[in-house]
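Pasting a structure here, questions to come.
Read-outs throughout are calculated quantities, based only on the coordinates presented, and are distinct from any laboratory measurement. This one's a predicted model, so the numbers in the text were calculated from it and none came from an experiment. Glycine gets a Cβ as well: all are built from the backbone with ideal geometry, and neighbour counts include every protein chain shown.
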Amino acid sequence: MHDDAHRAQRTLNRFLADARPSATYQVMDRVAARRAAGHAVISLSAGEPDFDTPAHVRAAGIAAIEAGQTRYTQVAGLRALREAIAAKFARENGLGVDWRDTLVCSGGKQVIFNALAATLNAGDEVIVPAPYWVSYPEIVQLCGGQAITVACGADSGFKLTPRALAAAITPRTRWLILNSPSNPTGAVYSRAELQALAEVLLAHPQVLVLSDDIYEHLIFDGLEFFTLAQVEPRLQPRVLTMNGVSKAYAMTGWRIGFGTGPRWLIEAMEKLQGQQTSGACTISQHAALAALTGPQDFVRESRAVFQRRRDMVVELLNQAPGLHCAVPQGAFYAFAACAGLLGKTTPAGTTLHSDEDVVNALLDEAGVATVHGSAFGLGPYIRIAYALDDASLRRACTAIRTFCAALTG
Ligand code: GLU
């Protein structure tokens, strides 16, 4: 066959061709490859709780299988689960939500994907405050939109300010993506900060808002969680509030995310999902129902554990020469500035020019996996997921400190 024919066969969709693979999954793949090659690695890369899913939730999954709950559900999800989701939004977020205005998806990622695929047209802009979770700009790209990243550095606590938001909005702006507590920085927006952003948004009725609240329950120091539609009810008709069971109930592998928003949007997302996955896994939906309606002790207990780990990790990281880490108020990530390491050389002879070099050298020479901040749109930083037992975290932080201390130049 001619080269031209070969090339034509392999031509990818241009949105996919221009998208980057998930940086978090790339690091996880590297960890797996190094372990398979016999190297010991402590992984602080993947953002997933190390706890087991609570026993009563696991039992609900098993019971669903035994009861023959193994067929399709409605595309938008089991009615009982959608009612539980509506009750959750009312109970925890003060949102008056009809169960018909909710949608269950295969993980939080699919909620975002459905929403953007359902609404973006060529050239539409999506404002993404940076640092951002690695997948936001790529999902925008895959859906044919244009991600407009807005730099939110340490000076603003890694948060979007009303002034920066106002400057980023254009007639083409379709969405703003907000994420609090934030992955990767752990930043948490206060009620007043959300209210100030809402004031700007009220003046721009064409802008929809995706509020990614997946880390809602991982919030420390007694802070109270707020979400945009709760703070400014006038915005509720154009806010998609999303959440899921992955982080709050240690259920990442069950793949259940959900959202609530205006009926027209939920119906469009349902239409898309009906031609795509047909809906989320039935067994997982039964387990998620048990998580949302059962005892909530697990949520409180894991919050306390993560706060304790945060304190330990931040203290140890700040002892490493060349690293500086502010105290995050939520999620389970520490975002450490590593500018102090750049230009230095490792014992194996690698000169560190970027945060990606730092991450690679930490993995190869110290056996610790992290993710580079530039993948989240802000370098030079490294993201440390402290969703690991105390002893492993202590060993990892000691290895990072030893690595930093051994750099020369
Ligand atoms: N949200 C997690 C993280 O940032 C899971 C991996 C992913 O989906 O990116 O590590």
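State, to one decimal in nm², a quarter of the convex hull surface area for the C-alpha atoms of the stretch 159-301, i.e. the direction-averaged projected area.
Taking a quarter of the hull surface, the average projection is 9.8 nm².
Determine the dipole magnitude for the stretch 32-179: charges of +1 sit on the beta-carbon of Lys and Arg, -1 on that of Asp and Glu, nothing else is charged, the reference point is the Cα centre, and the result goes in debye to the nearest 20. All intermediate terms of the calculation are to be shown ahead of the outcome.
Working: 14 positive and 12 negative charges, 22 e Å.
The dipole magnitude comes to about 100 debye.
Determine the gain in length on full extension of the stretch residue 224-residue 156; use 0.36 nm per residue of separation and subtract their C-alpha separation, reporting nm with one decimal.
Residue separation times 0.36 nm, minus the Cα-Cα distance, leaves 22.5 nm.
Enumerate the calculated ³J(HN,Hα) couplings along the stretch 300-306 in order (Karplus 6.51 cos²θ - 1.76 cosθ + 1.60, θ = phi - 60°), each rounded to whole Hz, writing x wherever the residue is Gly or Pro.
Karplus values, whole Hz, x for Gly and Pro: 5, 5, 5, 4, 5, 5, 5.
Once the Cβ-Cβ distance between residue 52 and residue 3 is put in as r, and R0 is 41 Å, what FRET efficiency do you end up with, to the nearest 0.05?
Computed FRET efficiency for residue 52 and residue 3 comes out at 0.20.
To the nearest 20 Debye, how big is the dipole of the stretch 289-409 about its Cα centre, given +1 on the beta carbon of each Lys and Arg and -1 on that of each Asp and Glu?
It comes to approximately 260 debye.
Find the centroid of the Cα atoms in the stretch 334-359 and in the stretch 287-332, then give the distance between the two in whole Å.
26 Å
Could you work out how far helix 355-366 tilts from the main Cα principal axis of the chain, as a 0 to 90 degree angle to the nearest 10?
70 degrees
In addition: Go through 148, 380, 367 and say which Cα lies farthest out towards the positive end of the charge dipole of the chain; charges sit on Cβ, +1 for Lys and Arg, -1 for Asp and Glu.
148
So what's the projected area for the chain, the Cα convex hull averaged over all directions, in nm²?
22.4 nm²
Can you list residues from other chains, or at least 5 along the same chain, whose modelled amide H is less than 5 Å from the amide H of residue 176?
Amide H to amide H, under 5 Å and 5 or more residues apart or across chains, residue 176 pairs with 127, 208, 209, 210.
Helix-derived [θ] at 222 nm for the chain: sum -39500 (n - 2.57) over DSSP H runs of at least 4, divide by residue count, nearest 500?
-12500 deg cm²/dmol
Would you calculate the separation in nanometres between label points at residue 22 and residue 170, each defined as 7 Å from the Cα along the Cα-to-beta-carbon direction?
Calculated label separation equals 3.0 nm.
At q = 0.20 Å⁻¹, what is the log10 ratio I(q)/I(0) for the stretch 217-332, with the Debye formula run over Cα points and no solvent?
One equal scatterer on each Cα of the stretch 217-332 leads to -1.17.
So what J values fall out for the stretch 321-336 if you push phi through Karplus, 6.51 cos²θ - 1.76 cosθ + 1.60 with θ = phi - 60°, rounded to Hz, Gly and Pro as x?
So the Karplus estimates, Gly and Pro as x, are x, x, 9, 9, 10, 6, 8, x, 9, x, 6, 10, 10, 10, 10, 9 Hz.
Sticking with this one: Just add up the charged neighbours of residue 34: K/R +1, D/E -1, any other residue whose Cβ is under 12 Å from the Cβ of residue 34. List each step's numbers first, then the result.
Values: positive: 30, 35; negative: 29, 364, 365.
Net of charged neighbours comes to -1.
Which is farthest toward the positive dipole end of the chain among 9, 162, 233, measuring Cα position about the Cα centre, with Cβ charges +1 (Lys, Arg) and -1 (Asp, Glu)?
Going by the charge dipole, the pick is 9.
I've got another one for you. Suppose every Lys and Arg Cβ carries +1 and every Asp and Glu Cβ carries -1, with no other charges. What dipole size does the stretch 129-213 come out with about its Cα centre, to the nearest 20 debye? Walk me through the numbers on the way to the answer.
On the way: 5 positive and 6 negative charges, 40 e Å.
The calculated dipole for the stretch 129-213 is roughly 200 debye.
Using modelled amide H (1.01 Å from N, peptide plane; none on Pro or chain starts), what sits under 5 Å from the amide H of residue 149, excluding residues fewer than 5 places away?
For residue 149, whose amide H was placed from the backbone, the distant partners under 5 Å are 128.
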